[in-house]
Structures are given as structure tokens and as C-alpha cells.
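The values are calculated or read from the model by the stated rules, or taken from the named source; none is laboratory data. Treat the numbers as computed from the prediction; the structure is a model and nothing was measured. Every residue, glycine among them, receives a Cβ derived from its backbone with ideal geometry; neighbour counts consider all protein chains shown. Ligands, DNA and RNA are stripped out before the accessible areas are found, and what is left, the full protein with its side chains, is counted by its heavy atoms. Shrake-Rupley method; radii C 1.70, N 1.55, O 1.52, S 1.80 Å.
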Amino acid sequence: MRPGPQTRALWEMFSDLMDLDDAHRYVTDPLAGMDARYDLGDDHRLVGTLCPDMKLTLERPDPDVVTAVTRSADLLREGRGSLLDLVDRAEARDAAAAWTGRVNTVTARTGRGDVDALLIRPDGCVAWALPTGQDLDATPLVRALGTWFGQPA
């Protein structure tokens, strides 16, 4: 890091690049272990990865009433699993109802457009994902719930 105008220009360009989300993730995700993917038997690109931190607008109990703004990382603080319903998919929440003692169900809005719902383990790893607009086959969700959270109550 020899001081000089060329070094300063390079530093400023790198600093500007780090303000871009994609460039920031490209550099920091490997350092934070966010690029690791565990084989959990599902081909969805998020399953087996750490859940990306997303800004969430929580909705309870009326979907038209916004009650809080938080981040997806905040869901892990209780040390429980989370079913994150991003588009008000009642059938996903219904499939997970038997695990309410071990899995929090959260309905929220976010800027992501690639998933409708995520099952997140307490360690932040995505255990199941429902792609946007796809019909729910509850079998993979129930299998993931049983694998990571035991038999239904």
C-alpha cells in the first residue's frame, strides 16, 4: 500500500465497488462462510446455505397492518427454527403447524423475489425453500421439519 495518487485512486474505486451489494457479497461472503453449501438433499440454490440477511417487514395478525421492521438474522435469537412465509402462503404455515413448539412461523414481506417461503434451522442454515409461485408439495417441508425438529407434537 504505497502512498500516492495511483494507490488513492485504486482505494477510492474499491471503496465505491464495496457499496454495490453484488460486489460486497462477492468479497465478503467467502470470508464469512456464506458461500458454503451443505448437501441437504434439495436442489434449490438456498437450501444448505446460511440464510441471507434480509430486511423484513413483519405482518401480524392482519396482512394489511405492518407492525415491525426487522432483519432475518433477528429470527435466530431465540434458538428456534423459523418458517419464514414471505408471501402469505397459508398452506406452508398449515403444514408446519404441528411443530409450533419448536418452529416459529413468521409472515413478512421482503425485497426478495426468488422464494415464497424458507425453513431456517436455529444455526441459520436454510433447510427448505419454496420457489416463487410454485405449488406447495408439503412432503419435502414435512420431511425437513421432521429431520431437523423431530416428530410433530
Any residue in segment 9-30 that's within 17 Å of Leu50 (Cβ to Cβ): show its pairings with residues that are surrounded by 10 or more Cβ atoms within 10 Å (Cβ to Cβ) at Cβ separation under 6 Å, as long as the two are six or more apart or on different chains. His24/Met18; Asp29/Asp35
Could you give me the residue pairs with C-beta distances under 8 Å whose first residue belongs to segment 78-90 and is in contact (Cβ under 8 Å) with a residue 12 or more places away in the chain and acidic (Asp, Glu), whose second residue is open to solvent by less than 60 Å² (accessible area, probe 1.4 Å) and part of a loop (DSSP other than H, G, I, E, B) wherever it lies, and which are 6+ apart or on separate chains? Asp88/Pro63
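I'm trying to understand the selection: among the residues of segment 98-131, which are part of a loop (DSSP other than H, G, I, E, B) and either surrounded by 13 or more Cβ atoms within 10 Å (Cβ to Cβ) or hydrophobic (A, V, I, L, M, F, W, C) (or both)? Give the derivation first.
Quick first cut of segment 98-131, residues part of a loop (DSSP other than H, G, I, E, B) only: 100-102, 110-114, 121-124.
Listed by number, the residues that qualify are Thr100, Arg102, Thr110, Arg112, Arg121, Pro122, Gly124.
Evaluate segment 32-39: report whether one residue or more is at pLDDT below 80, in a helix (DSSP H, G or I) and out of contact with any Pro (no Cβ under 8 Å at 6 or more places or on another chain).
yes
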Filter segment 11-31 for residues that are surrounded by fewer than 11 Cβ atoms within 10 Å (Cβ to Cβ) and not acidic (Asp, Glu) and give the result. Met13, Ser15, Leu20, Leu31
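Name the residues in segment 132-145 that are open to solvent by less than 30 Å² (accessible area, probe 1.4 Å) and either in contact with a Lys or Arg (Cβ under 8 Å, 6 or more places away or on another chain) or farther than 18 Å from Tyr38 by Cα (or both), would you?
As a first pass, look at segment 132-145 and keep what is open to solvent by less than 30 Å² (accessible area, probe 1.4 Å): 141, 144-145.
If the condition is that a residue be open to solvent by less than 30 Å² (accessible area, probe 1.4 Å) and either in contact with a Lys or Arg (Cβ under 8 Å, 6 or more places away or on another chain) or farther than 18 Å from Tyr38 by Cα (or both), then no residue fits.
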Do you know which residues across segment 70-86 are within 11 Å of Val106 (Cα to Cα), of a type in the set (A, V, I, L, M, F, W, C) and modelled with pLDDT under 90? Leu75
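Checking the condition out of contact with any Leu (no Cβ under 9 Å at 6 or more places or on another chain) and within 20 Å of Ala36 (Cα to Cα), which residue from Leu76, Leu118 passes? It would help to see each step written out before you state the result.
Numbers: Leu118 fails: out of contact with any Leu (no Cβ under 9 Å at 6 or more places or on another chain).
Unique residue meeting the criteria: Leu76.
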Considering segment 132-153 alone, what residues qualify as being outside any loop (DSSP other than H, G, I, E, B) and hydroxyl-bearing (Ser, Thr, Tyr)? Thr139, Thr147
